[in-house]
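Remarks on the structure that follows.
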Amino acid sequence: MSGTKYVDSEGFLYTAPIREQGNIYKPNNKMMADELSEKAVHDVHTKEIDLVNRDPKHLNDDVVKIDFEDVIAEPEGTHSFDGIWKASFTTFTVTKYWFYRLLSAIFGIPMALIWGIYFAILSFLHIWAVVPCIRSYLIEIQCISRVYSICIHTFCDPLFEAIGKVFSSIRATVRKEI
């Protein structure tokens, strides 16, 4: 390429870039090769996760926020001993906390694997099957709609115009008799 000037579609004047350094994928000079090797590779599949707020999109706000008071309640006039109530509260809370952790430790990674596979299959099918089928259907139905439109205009339009002319001569008047 040369260093000539050109005008784009909006009327701005640009100079054509001079590429003496070669292709960006295969640099032919040492300086450009060093620049490319210094750039850190950013993996889009790993990202910083928030270990404090683990539900940033609030998916489970109304579903699994269950506390002791939401499950067990003693109405007025029917109370157990205070020690039993406190022990029940502690037992419920600690059991729920540790059993959830145990289940997460045992089944968390396998379930993440299963859901990852499921959503990968779902994405694959959507990209490679569903959307192409819908596009194909829309292309094919467009051809059929043209034939249908021609048939309607050929057969139905004259019929409806004739019926319209027949009924256009009918006059209706409303009289109010007292």
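Key figures
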{"read-out": "Single match in 127, 114 (criterion: β-branched (Val, Ile, Thr), surrounded by 10 or more Cβ atoms within 10 Å (Cβ to Cβ), out of contact with any Asp or Glu (no Cβ under 7 Å at 6 or more places or on another chain) and within 25 Å of residue 54 (Cα to Cα))", "value": "114"}
{"read-out": "Residue list for region 48-72, filter: open to solvent by 80 Å² or more (accessible area, probe 1.4 Å) and either farther than 18 Å from residue 104 by Cα or touching a strand residue (DSSP E or B) at 6+ places or on another chain (Cβ under 6 Å) (or both)", "value": "48, 56, 57, 58, 62, 67, 69, 70, 71"}
{"read-out": "Some residue of region 149-167 being among the β-branched types (Val, Ile, Thr), exposed (fewer than 10 other Cβ atoms within 10 Å of the Cβ) and over 23 Å from residue 66 (Cα atoms)", "value": "yes"}
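The values are calculated or read from the model by the stated rules, or taken from the named source; none is laboratory data. None of these values were measured; they are calculated from a predicted model. When we count neighbours, we look across all protein chains shown, and the Cβ atoms used for this are built from the backbone with ideal geometry, even at glycine. Note: areas computed on protein heavy atoms with side chains; ligands, DNA, RNA excluded. Shrake-Rupley method; radii C 1.70, N 1.55, O 1.52, S 1.80 Å.
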